[in-house]
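The values are calculated or read from the model by the stated rules, or taken from the named source; none is laboratory data. All figures in this text were calculated on a predicted structure; none of them were measured in a lab. Positions of Cβ are generated from backbone atoms using ideal geometry, with glycine treated the same way; all protein chains shown enter the neighbour counts. The area values use the complete protein model at the heavy-atom level, side chains included, leaving out ligands, DNA and RNA. Shrake-Rupley method; radii C 1.70, N 1.55, O 1.52, S 1.80 Å.
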Amino acid sequence: MTEREAQDSYAHSIKNYLEYMVRIGLNPVMIPEKDFGTTSDKENRLSLESIRTELGDCKRCRLHEKRHTIVFGEGKPDARLMFVGEGPGADEDAQGRPFVGKAGQLLTRMIQAMKFQREDVYIANIVKCRPPANRDPEQDEIDTCLPFLKSQIRAIEPDVIVTLGRIAAKALLKTSDPLNVIRGRVYEVEGIPVIPTYHPSFLLREESDKRFKAMAWEDLQKAMALLESRRSRTEYHYDE
Ligand code: SF4
């Protein structure tokens with residue numbers, strides 16, 4: 001197959017895939033992201049280990065000043081499903097692992113409800129160091145840290161990314177819209193569908209309002225449908 005034929009075939013499969021999403025009511029929205037790099041360029045992809053090595057004892061932004069531990073992210077290196085949160089909290093900062101506090105326990109239950117185990121997925125954050133007093137990360141801190149997350153996404157190349165909370169959605173999708181406007185649709189960044197949903201901490205805070213939990217479950221079901229559709233396409237491809 002020539003390079004041109006390969007590009008046409010890839011474009012055709014993306015088109016079919018987006019048409020499938022429309023048919024099952026997922027309303028895709030394409031968000032081009034120029035600095036994301038090309039997921040098809042496997043040779044230029046770094047491994048997770050080399051990304052961690054490059055990050056080193058990072059002091060690239062002011063968040064390093066109060067952190068105890070860099071929370072790089074954890075999970076299956078070739079996970080089909082990836083979660084991206086905002087940043088480490090106190091428990092995560094102490095343990096060096098993402099989503100290990102109460103919000104993490106809820107995320108684990110959400111993952112299990114999707115018929116996965118926590119070790120089947122990959123979990124990371126927009127910033128890798130805890131913002132003091134759990135404040136929102138500043139834009140310059142996000143801009144400094146985000147390239148490492150993007151490298152991780154390229155290394156893992158998941159089938160679906162679920163962003164947790166408004167900061168993660170806004171940073172990854174490069175939008176200033178509020179989460180209640182963003183969620184409910186499927187976005188796409190360099191061929192990877194992105195589904196924004198609520199942060200587990202928010203769901204815990206709003207536990208008495210069942211609507212948020214229901215909307216989050218709707219989002220996770222969309223992610224499951226997409227994973228299933230991508231699995232079917234892969235199996236079909238191998239059967240050909
Ligand atoms: S938040 Fe990211 S860029 Fe900032 S110091 Fe930590 S690892 Fe480095």
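Per-structure values
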read-out	value
Boolean, ASP177 is among the acidic types (Asp, Glu), open to solvent by 10 Å² or more (accessible area, probe 1.4 Å) and in a helix (DSSP H, G or I)	no
Members of region 107-116 that are over 16 Å from GLY87 (Cα atoms) and touching a residue at least 40 places away in the same chain (Cβ under 8 Å)	MET110, ALA113, MET114, LYS115
Those residues of region 188-232 which are over 14 Å from MET110 (Cα atoms) and in a helix (DSSP H, G or I), in sequence order	ARG205, LYS210, ARG211, ALA225, LEU226, LEU227, GLU228, SER229, ARG230, ARG231, SER232
In region 122-169, the residues that are outside any loop (DSSP other than H, G, I, E, B) and among the basic types (Lys, Arg)	LYS150, ARG154, ARG166
Unmet requirement for LEU172, which otherwise passes all of (1) surrounded by fewer than 17 Cβ atoms within 10 Å (Cβ to Cβ); (2) assigned to a helix (DSSP H, G or I)	(1)
